[in-house]
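Chemist: I have a structure here, written as C-alpha cells, and I will follow up with some questions on it.
Nothing in this text is a laboratory measurement; each read-out follows from the coordinates by a stated rule. Computed from a predicted model, the values in this text were never measured in an experiment. As a convention, Cβ positions derive from the backbone with ideal geometry for all residues, glycine included, and neighbour counts pool all protein chains shown.
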Amino acid sequence: MLPRSDSPQVPDEPAAETNSDQLMRLLYQEHSGPLLMFVLRLTGGDRQRAEDVVQETLLRAWRNADRLGTSGQPSLRPWLVTVARRIVIDEHRSVMARPQEAYGEDLERFAEADATDQVLRRMTITAAFKTLSPAHREIILATYFKGRTLPEAAEELGLPIGTAKSRVYYGLRALRAALEAREVTES
C-alpha cells in the first residue's frame, strides 16, 4: 500500500537502532560496574584509564551485537572481560614499543658532559697569567703548574728561598686581582 501524498511523512526510527540503544543501556547497567572493578586492577588503579577501557569494551560489544546474540553464551561477561584484558595488554605493548616522551623532564640530566667549562677556565687563567710580571709568572709556573716545592723552584731558578716566597706571595696576589678584574668586566 502506498502512502497518501496529502499526509506528511514522519520517518519512524528503525527497530534495529532502538534495539541497539536498548542493548547498550542493558550492557552498561549489567556489566559496567564489575568490568570497571576488574579493569582497575589491571591498570594499577588508574581510574581514568580503566573507564576508557570499559567504554572501549562496551563499544566493541555494541558493534558486534549481531554476533554476540548467536554465541549461545548464558552471559556476555566472560567475553567482555577477555576484550577488556586484551585492550589493556595492547595499550601496554603500544607504550612499551614507543620511546618515552621527555615533556616536563629536566633536560639537564640528559646533557652530555663536555669540556667547555674547563676550556673557558683555562682561557681566563691564561689571560690573567699573561698580565703578571715575568718574575712572578716564572715562580708561579714552577710551583703551581709544574708541581715543584718552593725550595725546588728556588733552586731551579737560582733564587734565595726568601725571594722565591716573596715572589709567590705577590704573584698570587696579582693573579687574584687580575682574575677578579676579569670577573667584574664579564658580569
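Chemist: Based on the alpha-carbon gyration tensor of the stretch 116-186 and its eigenvalue square roots a ≥ b ≥ c, which shape applies: rounded if a/c is under 1.5, prolate if not and a/b is larger than b/c, or oblate?
Modeler: On the way: a/c = 3.08, a/b = 1.88, b/c = 1.64.
Prolate is the answer for the stretch 116-186, as a/c is 1.5 or above and a/b outweighs b/c.
Chemist: Please find the FRET efficiency linking residue 93 to residue 51, where r is the Cβ-Cβ separation and R0 is fixed at 22 Å, and quote it to the nearest 0.05. Mind dumping the intermediate values first?
Modeler: On the way: r = 21 Å, r/R0 = 0.93.
With a Förster radius of 22 Å, E is 0.60.
Chemist: Pull out the extension gain between residue 131 and residue 150, defined as 0.36 nm times the separation in residues minus the alpha carbon to alpha carbon distance; nm, one decimal. Spell out each step's value before the answer.
Modeler: Values: separation 19, 0.36 × 19 = 6.84 nm, distance 2.22 nm.
This chain segment gains 4.6 nm when fully extended.
Chemist: For the stretch 116-186, calculate the relative contact order in percent as a whole number, restricting contacts to Cα pairs under 8 Å that are 6 or more residues apart. Spell out each step's value before the answer.
Modeler: Details: 44 pairs, mean separation 27.7, N = 71.
This gives 39 percent for the stretch 116-186.
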